[in-house]
């Protein structure tokens, strides 16, 4: 049985890995992973973190724009959660919804990140509108879609670098994101029928522009807003 004191120390280090001080955060995350490897402690030993499936109502939309469904889908891919969405009906006053399946801690972070980045993308697109007036509404939506894709790529790249650095711990204490995503998908599809398609046009000039401009959005603020015991998998170091 794992030493409770060691587990508690690892939890504190993981919380500290969300520090706004990059050097402090990196050292804390590295120390946590080293302790997990030394004592043979896995994620499941750190907290009660079961698979869950939670549905979140859209704050703004009856029918989700493509850029919003792209954002949530891409964030799911980057954080190990499986995501599906359902349009609502304005005539019935029913808002659209997004369902996220995965480990409980990951789903909680996904909810926070989804709403945070929706707001950030909207703000960035308003700046784009001021700089590029008289464009068709479809161009602005393509730009938002590019921002959504770019944000998720930045998060995934950071996570890939982290897991590469700690490759000796993968399969022991750490679970790779792609494995988590597959497990989350299998968990959801065991109880639900899925019919989901999201069109991604990554060759469109406005989408490409959005993907480039995504680097101007504060990624770390969106990820660091929630403290949880699996913080090391979501810490973004730019």
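Brief remarks on what is shown
- Note on residue 157 and residue 59: the model spin-label points, each 7 Å out from Cα along the C-beta direction, lie 2.7 nm apart.
- Modelled label positions at residue 138 and residue 42, each set 7 Å beyond Cα in the direction of Cβ, lie 5.0 nm from each other.
- Using the Cβ-Cβ distance between residue 126 and residue 189 with R0 set to 45 Å, the FRET efficiency from 1/(1 + (r/R0)^6) comes to roughly 0.75.
Every read-out reported here was derived from the displayed coordinates using simple, explicitly stated rules and does not represent laboratory data. These numbers come from a predicted model, not from an experiment. FYI the Cβ positions are ideal-geometry reconstructions off the backbone, even for glycines, and counts take in every protein chain you see.
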